[in-house]
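Shown next, in structure tokens, is the structure this report addresses.
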Amino acid sequence: MRHETRLTESRQTREPGPAMRLAIDLGPLLVYMAAFWITKNVVVSTAIFMAATLVAIIGSWLTSRRISAMLCFSGAMVLVFGGLTVWLQDATFIKMKPTVYYLMVAAILGFGLLTGRPTLKAVLGHAYPGLSDLGWTKLTRNWAIFFVAMAIANEMVWRSTSMEFWLGYKLWGAMPATVLFALANVPMLTKHGLNAGKAEEAALPPQG
């Protein structure tokens with residue numbers, strides 16, 4: 001009976017595979033880019049982006065029977081700023097969304113550091129087994145600084161370039177930068193107890 005219960009629980013809380021996680025993270029952005037290039041209409045493409053984000057959230061639930069806090073946070077931001085873009089027909093809101101998002105995440109991480117509770121551990125604890133408290137503190141600090149830098153970069157890009165360039169930057173600039181930064185932290189993590197053999201692939205904090 002206990003064995004069956006464990007099997008049932010594992011099916012209900014199973015983690016999506018790397019391919020599914022990538023689709024959930026990148027799918028809505030790719031749909032957004034395709035919609036804008038086809039329609040050349042920010043309002044229409046943003047509405048499609050919002051719908052794609054909802055599909056990603058539903059897909060996460062169907063494949064793993066749970067919706068991560070990261071995905072909920074990201075989805076809420078898309079719906080709020082996307083909704084303002086569609087309602088007011090002003091692309092400024094959707095372009096500012098990553099800036100606000102990054103700064104909010106940095107503030108949450110910074111607050112966790114000040115209170116002695118590395119917030120990142122609550123979000124990604126399962127992805128970095130064996131990591132010591134000092135390791136979590138350093139990782140949280142590094143990501144907080146990184147997200148502030150990403151907020152500044154987003155402001156510089158959207159205020160000085162076209163919509164097409166900004167979308168390209170999000171896919172070919174912001175996303176690779178996030179992955180590379182995560183990889184750059186691995187040597188530090190291994191020095192602080194990370195069990196690399198059991199660490200999850202593509203374990204990243206929330207994306208803008």
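Using only Cα atoms, what Kirkwood radius does the range 73-125 have, in angstroms?
On the way: mean 1/r = 0.0816 Å⁻¹.
Averaging 1/r across every pair of different Cα atoms and inverting gives 12.3 Å.
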P(r) of the range 2-191 over all Cα-Cα pairs, 5 Å bins starting at 0, rounded to whole percent, reads 1, 7, 13, 18, 19, 16, 12, 7, 4, 2, 1, 0, 0
Please give the charge dipole size of the range 2-191, origin at the Cα centre, charges +1 on K and R Cβ atoms and -1 on D and E Cβ atoms. Round to the nearest 20 debye. 420 debye
Run the simple label-point estimate for PHE165 and ARG66 please: 7 Å along Cα→C-beta, distance reported in nm. 4.2 nm
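Computed from the coordinates by the stated procedures, all read-outs in this text should not be read as laboratory data. None of the values given here were measured: they were computed from a predicted structure. When we count neighbours, we look across all protein chains shown, and the Cβ atoms used for this are built from the backbone with ideal geometry, even at glycine.
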